[in-house]
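K.L.:
Got a structure for you, written out below as structure tokens; questions coming shortly.
The values are calculated or read from the model by the stated rules, or taken from the named source; none is laboratory data. Keep in mind that this is a model prediction, so the values were computed, not measured. Neighbour counts run over all protein chains shown; Cβ positions are idealised from the backbone, glycine included. What goes into the accessible areas is simple: the full protein's heavy atoms, side chains included, and nothing from ligands, DNA or RNA. Shrake-Rupley method; radii C 1.70, N 1.55, O 1.52, S 1.80 Å.
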Amino acid sequence: MSEGKSRTSEHTDVDALLSEARQLVEEMAKRESIAGDLLALQSYDEYTYRHSVNVAAYAVAVARYMGLSQEEQLQIAQAGVCHDLGKQKIAIEIINKPGRLTTEEYEEVKKHPQYSFDMLAGNDDVPDIVRQAVLYHHENENGTGYPQGKEGGEVSQMTRILHAVDVYDALINRRSYKRPYMPVEAFEYLMGGEGILFDEDVVEAMRKVIPSYPIATELELSTGQVAVVVGHTDDPLRPVIRITGDEDNIDLTDPEYAALMIVSGGATNHGLTGRMEELNRNREAAGEKQVEVILVDDSYMSLQTTSMALAEDGYHLITLQSGLAAINYIKAKGAPDLVIMDIEMPVLNGVDTVAGIREMGYADLPVIFLTANRNRETVLKCIQVHAKDYITKPVRPIYLRERVAIALDASRER
Ligand SMILES: [Fe+2]
Ligand SMILES: [Fe+2]
């Protein structure tokens with residue numbers, strides 16, 4: 001691989017874009033009108049402070065890439081640094097609690113956008129559009145977010161950018177209650193949630209602007225060699241790398257290296273594994289059965305993919321190939337903790353199956369639908385039978401795992 005040479009300079013300079021964004025955010029953070037609140041936030045919780053600055057920098061970079069005006073870039077910087085100010089009003093023990101939150105604690109956490117919004121009231125330097133973005137930064141594209149359940153079309157583009165970069169930064173960071181995701185994994189989550197939780201255009205812009213493989217990430221290659229990321233290219237998944245012990249750089253977009261694959265990026269212990277342990281331990285102590293998840297899909301291949309994605313998370317998985325089989329299983333054994341149900345199935349489709357299960361008296365059993373399309377009609381049918389969530393096929397494993405944990409109340413990033 002001696003001919004490999006860096007072509008980084010020919011590509012979009014994402015690093016420069018991000019560092020310019022960071023500069024703008026740092027200037028913004030020094031403004032007298034918000035510096036005091038930010039300082040208070042920093043002494044309340046260093047993580048939340050750093051997170052706010054990161055979110056602002058990502059947001060500015062994405063806004064710039066998407067063509068928002070200079071003024072709007074300043075506004076989104078302001079919204080970014082201020083979005084979680086209201087967390088100061090919540091007990092730090094809740095914010096940094098290592099285990100699962102109780103319902104009451106989670107309800108308290110959900111008040112922070114309103115608290116942030118209130119703290120910015122009467123601040124002449126903070127325009128209305130910034131306060132709105134702060135208030136709605138946890139709203140989802142499909143209206144399932146908080147505090148008001150607004151849909152993507154009802155909030156500003158600035159708000160939708162803030163929402164997606166906020167989740168991204170939360171995912172890639174280590175917290176007292178979870179290990180960090182790798183950036184590629186966080187992107188898989190964002191992409192799984194395109195059009196459901198996040199604005200598709202925003203996610204696409206993020207993939208261009210935020211490197212999936214940051215500089216200095218260690219990679220394992222399909223050849224078994226270990227390499228380190230030294231630069232970026234136009235393809236976020238094919239960076240410029242240098243193999244350990246080698247002197248030349250390899251641009252993975254160079255056709256010469258087309259066969260060279262990245263098999264794992266950096267640390268392999270991502271944020272998810274083991275989080276069911278607490279739940280299962282509590283169940284065991286109470287003499288109850290393990291967390292049980294029923295997967296229903298007429299395609300054997302889909303069942304395989306779905307169960308493989310969930311295998312590491314410690315669930316007791318039951319795979320069934322028809323709606324009727326699911327109904328019979330529940331009749332015989334009672335309800336599981338969660339059902340993951342394909343919609344398009346012969347004889348009894350997923351929606352009718354769930355309607356049948358509801359009629360059997362299981363009104364609150366959480367159900368996640370898997371569907372090949374997420375048109376309005378399908379979504380409405382899911383809502384009618386009180387679906388907890390719906391996921392589009394092809395299933396992205398990280399997204400599925402995270403949404404399952406959320407449905408089971410075992411995750412905080414929602
Ligand atoms: Fe927040
Ligand atoms: Fe946040």
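K.L.:
Taking the alpha-carbon centroid of each part, what is the distance from the range 170-205 to the range 217-255 in angstrom?
P.N.:
Value for the Cα centre distance between the two parts: 23 Å.
K.L.:
In the Gaussian network model of the chain, springs joining C-alpha atoms below 10 Å, which of Tyr213, Tyr181, Tyr329 carries the largest mean-square fluctuation?
P.N.:
Most flexible of the set in this elastic network: Tyr329.
K.L.:
Ignoring ligands, DNA and RNA, what accessible area per residue does the chain give at 1.4 Å, in Å²?
P.N.:
Per residue, the chain has an accessible area of 45 Å².
K.L.:
Now for a separate question. Accessible area of the range 13-209 with a 1.4 Å probe: how many percent of it is carbon plus sulfur? List each step's numbers first, then the result.
P.N.:
Values: 3540 of 7870 Å².
Solvent-exposed carbon and sulfur of the range 13-209 make up 45 percent of the total.
K.L.:
I've got another one for you. Summing Lys, Arg as +1 and Asp, Glu as -1, what charge do residues with Cβ under 13 Å from the Cβ of Asn123 carry, Asn123 excluded?
P.N.:
On the way: positive: Arg31, Arg131; negative: Glu32, Asp37, Asp118, Asp124, Asp125, Asp128.
Around Asn123, the surrounding residues sum to -4.
K.L.:
Let me ask something else about it. For Asp128 and Lys331 in one chain, what is 0.36 nm times their gap in residues minus the Cα-Cα distance, to one decimal in nm?
P.N.:
Values: separation 203, 0.36 × 203 = 73.08 nm, distance 5.43 nm.
Answer, rounded to one decimal: 67.7 nm.
K.L.:
Report the calculated FRET efficiency for Met261 and Leu101 (r = Cβ-Cβ distance, R0 = 51 Å), to the nearest 0.05. Display every interim value, and only then the final one.
P.N.:
Details: r = 39 Å, r/R0 = 0.77.
Once rounded, the FRET efficiency stands at 0.80.
K.L.:
Mind ranking Arg50, Arg401 by accessible surface for me, highest first, 1.4 Å probe?
P.N.:
Values: Arg50 115, Arg401 10 Å².
Solvent-accessible surface, decreasing: Arg50, Arg401.
K.L.:
Give me the accessible area of Arg22, 1.4 Å probe, in Å² rounded to the nearest 10.
P.N.:
80
K.L.:
Just add up the charged neighbours of Val351: K/R +1, D/E -1, any other residue whose Cβ is under 12 Å from the Cβ of Val351.
P.N.:
Details: positive: Arg358, Lys381; negative: Asp342, Glu344, Asp352, Glu377.
Net charge in that neighbourhood comes out at -2.
K.L.:
Stretched out fully, how many nm does the piece from Gln42 to Ala311 gain, at 0.36 nm a residue minus the Cα gap? Before the final figure, lay out each step's value.
P.N.:
Values: separation 269, 0.36 × 269 = 96.84 nm, distance 3.92 nm.
Gain in length upon complete extension: 92.9 nm.
K.L.:
So, one more: Tell me whether the range 13-209 comes out rounded, prolate or oblate; compute the Cα gyration tensor, take square roots of the eigenvalues as a ≥ b ≥ c, and use a/c under 1.5 as the rounded threshold. Write out the running numbers ahead of the final one.
P.N.:
Numbers: a/c = 1.29, a/b = 1.07, b/c = 1.20.
Here the range 13-209 falls in the rounded category.
K.L.:
Can you give the extra length, in nm with one decimal, that the chain gains between Glu284 and Glu247 once fully stretched, where that is 0.36 nm per residue apart less the Cα-Cα distance?
P.N.:
Values: separation 37, 0.36 × 37 = 13.32 nm, distance 5.42 nm.
Value of the extension gain: 7.9 nm.
K.L.:
Another one. Give me the percent of the accessible area of the range 276-407 that comes from carbon and sulfur atoms, probe 1.4 Å, all protein chains in place. Walk me through the intermediate numbers first.
P.N.:
On the way: 3380 of 6420 Å².
Heavy-atom surface of the range 276-407 belonging to carbon and sulfur, 1.4 Å probe: 53 percent.
K.L.:
I've got another one for you. Of all the C-alpha pairs in the chain, what % are more than 42 Å from each other? Intermediate results must be reported in sequence, preceding the final value.
P.N.:
Working: 15489 of 85491 pairs.
Everything past 42 Å amounts to 18 percent.
K.L.:
Quick one: Cα convex hull volume of the range 229-374, Å³ per residue? All intermediate terms of the calculation are to be shown ahead of the outcome.
P.N.:
Values: hull volume 24.6 nm³, N = 146.
That works out to 169 Å³ per residue.
K.L.:
Sort Met206, Met182, Met301, Met360 from largest to smallest accessible area, using a 1.4 Å probe on the heavy atoms of the protein chains. Numbers along the way, then the final one.
P.N.:
Numbers: Met206 0, Met182 35, Met301 150, Met360 65 Å².
Solvent-accessible surface, decreasing: Met301, Met360, Met182, Met206.
K.L.:
Could you tell me how far the Cα centroid of the range 284-335 sits from the Cα centroid of the range 350-414, in Å?
P.N.:
Going from one Cα centre to the other spans 14 Å.
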